[in-house]
1. Regarding region A:108-125, can at least one residue be identified that is open to solvent by less than 30 Å² (accessible area, probe 1.4 Å), β-branched (Val, Ile, Thr), in contact (Cβ under 8 Å) with a residue 12 or more places away in the chain and under 24 Å from A:Leu407 (Cβ atoms)?
2. Among the residues in region A:373-381, are any over 17 Å from A:Asn168 (Cβ atoms) and open to solvent by 40 Å² or more (accessible area, probe 1.4 Å)?
3. Out of everything in region B:287-305 that is surrounded by 17 or more Cβ atoms within 10 Å (Cβ to Cβ) and in a loop (DSSP other than H, G, I, E, B), what residue ends up being nearest to the other protein chains (Cβ to nearest Cβ)?
4. Based on what the data block shows, is A:Asp208 open to solvent by 30 Å² or more (accessible area, probe 1.4 Å) and within 30 Å of A:Lys330 (Cα to Cα)?
5. When you go through B:Thr32, B:Thr45 one by one, which is the residue that is more than 30 Å from A:Trp34 (Cα to Cα), surrounded by 14 or more Cβ atoms within 10 Å (Cβ to Cβ), within 14 Å of another protein chain (Cβ to nearest Cβ) and at pLDDT 85 or above?
6. Among the numbered criteria (1) open to solvent by less than 30 Å² (accessible area, probe 1.4 Å); (2) within 11 Å of chain A (Cβ to nearest Cβ); (3) at pLDDT below 80, which one does B:Glu281 miss?
7. What is the number of the single condition among (1) within 28 Å of the chain's Cα centre (by Cα); (2) at pLDDT 85 or above that A:Asp342 does not meet?
8. Mind listing whichever residues of region A:301-321 are open to solvent by 30 Å² or more (accessible area, probe 1.4 Å) and under 28 Å from A:Val221 (Cβ atoms)?
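The values are calculated or read from the model by the stated rules, or taken from the named source; none is laboratory data. None of the values given here were measured: they were computed from a predicted structure. We place every Cβ from the backbone using ideal geometry, glycine too, and count neighbours over all the protein chains shown. We work out accessible area using only protein heavy atoms, side chains counted, and drop any ligands, DNA or RNA first. Shrake-Rupley method; radii C 1.70, N 1.55, O 1.52, S 1.80 Å.
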Amino acid sequence: MMRMDVSPSPVLEVTASEPALETSHPARKSSTLWDALAGLTSLRLTVVLFVLAFILVFCGTLAQVDAGIWTVVKQYFRSSYVWIPLQIFVPRSIRVPGSFPFPGGWLIGACLLANLLAAHIVRFRFTWKRSGILLLHAGLVVMMLSELVTGLFAAEGILTIVQGSSSNFVELHDLKELAIIDPSDPDVDHVVAIPESRLKQGGIIQHDLLPFDIKLVRYLVNSDMPRQPGANVSNPATAGDGRTLVAVPRAPVTGTDPEQSGDFPAAYAAFKKKGSGESLGTYLVSSWWSDYLQMHGQDRPQQVTVEDKTYSVYLRAKRVYKPYTVTLKKFRHMHYPGTDIDKSFSSQVRLVDSIRHEEREIEISMNEPLRYAGETFYQSGFLPGDLGTRLQVVRNPGWLMPYVSCLMVAGGMIFHFGLHLNTFLRRRAAQ
Amino acid sequence: MIRKPRFAVALFVLSPVVLLGGCQKDDIESYTVPKSHPSNLGLPTERTKLRMLAALIPQGQHTWFFKLQAPEGNVAAHQQEFDQLLQSIRFADRADGPITWTTPPGWRREAGNQMRYATLRPEVTEHPVELTVTDLPGDAANVLANVNRWRGQLSLPPVTEADLPTVTKVVTIDGCTATVVDFTGYGKVGSTMAPFAGHPPVAPSQPNPSGLVRPSIQYTKPENWLPLPEDASGIRFVGFQITEGDRSVQITITPLSAQSGSLVANVNRWRGQIGLPEVSEMQLQRDLQETAVAGKRCPYVDLIGAESAMPNRLRLIAVVARYGEWIWYFKMMGDPELVEQQQSSFKTFLRSVRFAEGES
């Protein structure tokens, strides 16, 4: 029977005529773990997993009609399972209830990885002839692990700096938080941050760190900028700016939205005195009054007073504070002559890190990011009127893994095909 | 031979890895942020303590604005020079020099532009400041509106007519009654706010006064938008109308030169058209949205008329798109419900817009 040695997949290594298991490790064939590994080497399992992966990618693509890219990535690909709504398969004009469970990207990826590793463990025989294949498959393992590392440990945020000023935190725009700030200390602000996932659950939020209890009356995942209410519009707010402005719900930004402006959530929150439950007012908090206004050098906190202490409350992008401060000295925005078409952006920044005793001045431009302390700073945008810069700060411990993987796969293929070519040329010369 | 697969055992072995996907750190957290850091807003030096000295002088058919705004310490160093300059002002009935003053020693006068009559600044100083002189024709001397606009620029609350005597000083300058203010608040350093927010735009009397070649424009409009009759003044480029029963909405496209007034001036003109009070630049920025026109993010305002205007309340959506030396104003105004219905069509229309060089 013909053998197929040239193969990027372990499944093609398996042939009915190759009793690798029996011959390689006869002493272990009755062990349960070994049985499981043997089962994992199944060609049919590989094919099934690939088909499941194709279906998952297809469904994840369809789901972006209704949901944002990062929501889909999290639900479909960086999960062990997903409930896929039937609605995604039919036009939205026809309402179809119900959903079905499906393995998520990490479950499928983990099974593929196990399938690949099991094939090598069960049938491991190191020979020079097979070393190219081994290297190639090791490259695939690195590639799969790189997605796991990225999904688990990578973080990216936006560092916004107005020209002439500094910043020491990044904002994670796909995560929101309700921040309650106590500004009474002359030296520091005390911040308590409630993650969006908790806000979406609704109900009453009670916590030792909070100066009051919070009852979520309503949470809008996306909203228009608060506006004056029209006639006959009910307004739950009894205090703050929400008394004169109401939040208007808006469908979440989807992966197919051409504007990709991001969601601006809003919430109606009733604040209550701890213990007694005495009402401190129902407030509207909107990320338009924090994330959006910040781009214009302003903000609009809602002031909640309890026991003679006033707290500023914001619904905003989650902040991550850094041990360094970045000052924007100059932002340059070039256009192609005679047009408004962007040509290039660059930011001349000064980075001061008091912990690492680092101080340097760097120019960050579109294709020349700054790499510092495991983070990469990309020039990603600018503030309206070129008032300042927006840098994307990415920390990904696995950023090198795809490069290493590609090199390993390429090296493995070159070595393997090189051996075959060599054998072929020798035979030909002999003939 | 390979034994029958035992997937369950294998998946059990793998489960810790797979379940990592479900682990999220979603706790309520607490931390402290030093106040000296750029933390509260992310824009630390944005909110610098500023002082503003300003004078509003109505004279004949003109209103003159003298304004000096800078960080508090810088203004204090030059306050005396500002007061002396005000007292040196003389008006003349001459078109080429309607006003004169004595520039303080060591200061230089820079040429003005379409928006500004002159700019004065000290040449060598440790406390740099900029004094602007602006001239507005006609009746722009609404003291309360201007005082509140200035207060808004320094994040100060507005005042009422009754409060004016307590926050302003009235002085006589060359026979004219002038209003002088001295405010301290928080604002942006180097702000380029228009000196006359609230004033109608300086729209050209001709659509193309500078001889600039207006770019051509292409767009795709919905079928139910019917063209309006041609604009006799020639200012409006094109207009459409949608009518449903007794409700109607008009869409207009007007290109003007890039000098056609600040955004706040135009927004206040539109607010006036639907019975809303004027807003300051800061208030405007708070309400400003953005949308895409020809692939670029452009300012977008969505205004609904005052409730007192019921039942003839109007809603107005306008987008300002700058292309080269031209500013294109896209406006939809009419019955609020019909505007709401047409909003997505309007945005689709805006996305379809394409500009190109060449007379349209």
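1. no
2. Scanning region A:373-381 turns up at least one residue that is over 17 Å from A:Asn168 (Cβ atoms) and open to solvent by 40 Å² or more (accessible area, probe 1.4 Å).
3. B:Leu288
4. Numbers: open to solvent by 30 Å² or more (accessible area, probe 1.4 Å): yes; within 30 Å of A:Lys330 (Cα to Cα): no.
For A:Asp208, the condition - open to solvent by 30 Å² or more (accessible area, probe 1.4 Å) and within 30 Å of A:Lys330 (Cα to Cα) - is not met.
5. The conditions single out B:Thr32.
6. All conditions are met except number (1).
7. (2)
8. Start the filter on region A:301-321 by keeping residues that are open to solvent by 30 Å² or more (accessible area, probe 1.4 Å), which leaves A:301, A:303, A:305, A:307-310, A:318, A:320-321.
A:Pro301, A:Gln303, A:Lys318, A:Val320, A:Tyr321 - these are the residues of region A:301-321 that are open to solvent by 30 Å² or more (accessible area, probe 1.4 Å) and under 28 Å from A:Val221 (Cβ atoms).
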